[in-house]
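Asks: Here it is, the structure in full.
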Amino acid sequence: AVIRAGAYSHELVETAKSIASPGHGILAIDESNATCGKRLSSVGLDNTEVNRQAYRQLLLTTPGLGEYISGAILFEETLYQSTTDGKKFVDCLREENIVPGIKVDKGLVPLPGSNNESWCQGLDGLASRSAEYYKQGARFAKWRTVVSIPCGPSALAVKEAAWGLARYASISQVCVCVCVCVCVLMDNGLVPIVEPEILLDGDHPIERTLEVAERVWAEVFYYLAENNVIFEGILLKPSMVTPGAEQKERASPETIAKYTLTMLKRRVPPAVPGIMFLSGGQSEMEATLNLNAMNQSPNPWHVSFSYARALQNTVLKTWQGHPENIEAAQKALLSRAKANSLAQLGSYSA
Ligand code: 13P
């Protein structure tokens, strides 16, 4: 017998909708300890728990952040941390009406049999970890895998990326418990952000990025459907369709918007509530202008941002680890968040 204990399916849809609300986007601060260390060392700071906590405290206690930010993706360490005054970071977010999220993948490793490509680990134990994260206050999850254009991508790498994302999305929404011949489908209650990042690296033209993105998203949606994922209860985190980073011919925001929206319209059902782009190494201004260009005409989804670097670069440079710079760094964060909020509404002007 199969019993469906769907306590959270309504909640999943509501969570996704509240993150995808007008003029709002996601602040991604879910860098792993290793990646956070690279960011800290760029301003001369050591990669210690104290420094990571101080930096995340600066970001998460920015007054007024909830005016522009509806969700924040945290790394596991941050989900369990508090401010130096002992207030849980999760509570700081809730006070600003920001939904806490959690990175659940365990990172990339080489994919044997491929063209020097990688695959993303983290499915083992994911159901029980997700239940714990829910208890800690997380309401959405993120799994980032990558696809490399210069390395192919091979059919194997695309299939593995798509299948892994679909299994993760299904487990985030629902898990299966077997108790004495009865199969109970329990909801985990986390809205999965589906992120197959197509890396910017390479000297290919924008048409090649479009071709690869269409292939990747076709396969992702094929497996999402096969795994019975509730489309109304997911969010996407795509790369924008741009020329490769080493391609001499650059594209205008209007061209990037045209190619990216073409890809989305061909591949993404309107049941999906939100498309939250990653910045992928674009400058802060490029990421804002490209998002603004995409919101010049109506489209079926909430088209917004889930930026890490394009929200944090100036903040980090302003802070430099000095307590007297915290206020100025928080102002820098608010100014980037506001610019992207306006871009979400299509009303940003430089
Ligand atoms: P960037 O915006 O720096 O590309 O980060 C994206 C990301 O996946 C972080 O969650």
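The values are calculated or read from the model by the stated rules, or taken from the named source; none is laboratory data. Fair warning: this is a prediction, and the values are worked out from it, not measured in the lab. With ideal geometry, Cβ positions are generated from the backbone for all residues, glycine too; neighbour counts draw on all protein chains shown.
Asks: Looking at the stretch 222-239, I want the residues that are among the charged types (D, E, K, R) and have a partner that is part of a loop (DSSP other than H, G, I, E, B) and within 16 Å of the ligand (Cβ to nearest atom) with Cβ atoms under 6 Å, at least 6 apart or on another chain. Which pairs are those?
Replies: From residues that are among the charged types (D, E, K, R), the pairs are Lys237/Leu278.
Asks: All but one of (1) more than 17 Å from the chain's Cα centre (by Cα); (2) within 19 Å of Ile69 (Cβ to Cβ); (3) away from the ligand (no atom under 16 Å from the Cβ) hold for Pro253, so report the exception by its number.
Replies: (2)
Asks: Could you grab me the full set of residues in the stretch 189-224 that are within 19 Å of the chain's Cα centre (by Cα), closer than 30 Å to Lys135 by Cβ and at pLDDT 95 or above?
Replies: Matches in the stretch 189-224: Leu190, Val191, Pro192, Ile193, Val194, Glu195, Pro196, Glu197, Val220, Leu224.
Asks: Let me ask something else. Is there a residue being farther than 24 Å from Glu11 by Cβ and either at pLDDT 95 or above or away from the ligand (no atom under 16 Å from the Cβ) (or both) anywhere in the stretch 165-176?
Replies: No, the conditions are met nowhere in the stretch 165-176.
Asks: On to the next question. If you go through the stretch 254-282, how many residues are outside any helix (DSSP H, G or I) and touching a Leu at 6+ places or on another chain (Cβ under 9 Å)?
Replies: Residues in the stretch 254-282 being outside any helix (DSSP H, G or I) and touching a Leu at 6+ places or on another chain (Cβ under 9 Å): 11 in total.
Asks: Just to be sure, is Ala157 crowded, with 18+ Cβ neighbours inside 10 Å, of a type in the set (Gly, Ala, Ser) and not in a loop (DSSP other than H, G, I, E, B)? Reasoning before the result, please.
Replies: On the way: crowded, with 18+ Cβ neighbours inside 10 Å: yes; of a type in the set (Gly, Ala, Ser): yes; not in a loop (DSSP other than H, G, I, E, B): yes.
Yes, satisfied.
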